[in-house]
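Shown next, in structure tokens, is the structure this report addresses.
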DNA sequence: TATTGTTATACTCTATAACTATA
DNA sequence: TATAGTTATAGAGTATAACAATA
């Protein structure tokens, strides 16, 4: 019963609204772990590629190096991640035992969330969700 | 040539990345008007429903009333929107002549942007973009 | 009592510029 | 010269609590 929104026919607008709404949902579920979606993505990345550097993580997430600093610092303070110098200037990131446990719990929540998202789409279209989102993000050409 | 991202199979993650990337693109294009995507959506809404109140706009955008205040104040200071008391506590929003002109220019940019987004998706899937995004956002049930 | 607009405030995310120390 | 990590800073966007005026 929401008032009429004239923007609902615009894919970019819908993309933003859908992203914002579903992220808020995910953040709500991750709150019980004391983390947010950003942390969850970071945990999944580092768990899958232990030893990758901050700069590499920044390139993957397309975020500024400067913004990675407080993220890593917070998770390090929490005993979730460790930094190991590999290079004098680079430092490889690895999850601690605590971090691995947190990662498992976060992954469970994320996977349930992702599965639910997908189930919102009628079955006959479900296979197109990833290709369409990928195309919107980065057209093939 | 971006490093491998293990999260690319997750619809919610893709939704966020696609939304962030395309919004940055839109903001870049709107910069020449001195506005951002939020302002553009506001202009389009008020142009289509002149006289609607701040609270109504907040419900449509699902944003907090408190956050509407600086948005309207800024656009009012700029001579783009006017507030007319309708009620003693409510105030109807209308675009000024300047605001209508700005709205036209913003709409042009938005429409071109939206059309380009859609064209990124292979033609055979294009009709499914809106239904799929809508379903992800608010499942029918 | 509920609603509208408002103030104050805080947190997350993002962006830029500039610095250091390494490569 | 270019890269990795860092500091400082600023701007968006969002969230909550509380208040005055009005319905």
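Bear in mind that the values in this text are calculations on the coordinates, not laboratory data. Being a predicted model, the structure only gives us computed values, none of them experimental. Neighbour counts run over all protein chains shown; Cβ positions are idealised from the backbone, glycine included.
Assorted remarks:
- log10 of Debye I(q)/I(0), alpha-carbon scatterers only, for the protein assembly as shown at 0.07, 0.14, 0.15, 0.16 Å⁻¹: -0.32, -1.09, -1.17, -1.25
- Only helices enter this figure: runs of n ≥ 4 DSSP H residues, each worth -39500 (n - 2.57), summed and divided by the residues of the protein assembly as shown, yield -19500 deg cm²/dmol at 222 nm to the nearest 500.
- Linear extension gain, residue A:33 paired with residue A:55, 0.36 nm per residue minus alpha-carbon span: 5.3 nm
- With all pairs of different C-alpha atoms in the average, the Kirkwood value for the hydrodynamic radius of the stretch A:30-141 is 15.6 Å.
- For the A-to-B rotation axis, chain A residue with nearest beta carbon and its distance in angstrom: A:19, 2
- Distances between copies at residue A:32, taken between label points 7 Å from Cα along the C-beta direction, are 5.0 nm in increasing order.
- Inter-chain neighbour count for A:115-124: the average number of beta-carbon atoms from partner chains within 10 Å of each residue's beta-carbon is 5.
- Axis angle, to the nearest 10 degrees, between helix B:11-30 and the longest C-alpha principal axis of chain B: 50 degrees.
- Folded to 0 to 90 degrees: helix A:65-77 orientation relative to chain A principal axis, Cα: 70
- Extending 7 Å from Cα along the Cβ direction at residue B:98 and again at residue A:8 yields two label points whose distance is 3.4 nm.
- Proxy reagent accessibility, fewest Cβ within 10 Å first, across B:43, A:23: A:23, B:43
- In terms of surrounding Cβ atoms within a 10 Å radius of their Cβ, B:68, A:63 rank from fewest to most as A:63, B:68.
- Nm distances between copies for residue B:48, ranked from closest, using label points 7 Å along Cα→Cβ: 3.7
- Among A:84, B:37, sorting on how many other beta-carbon atoms sit within 10 Å of each Cβ, with the fewest leading, yields A:84, B:37.
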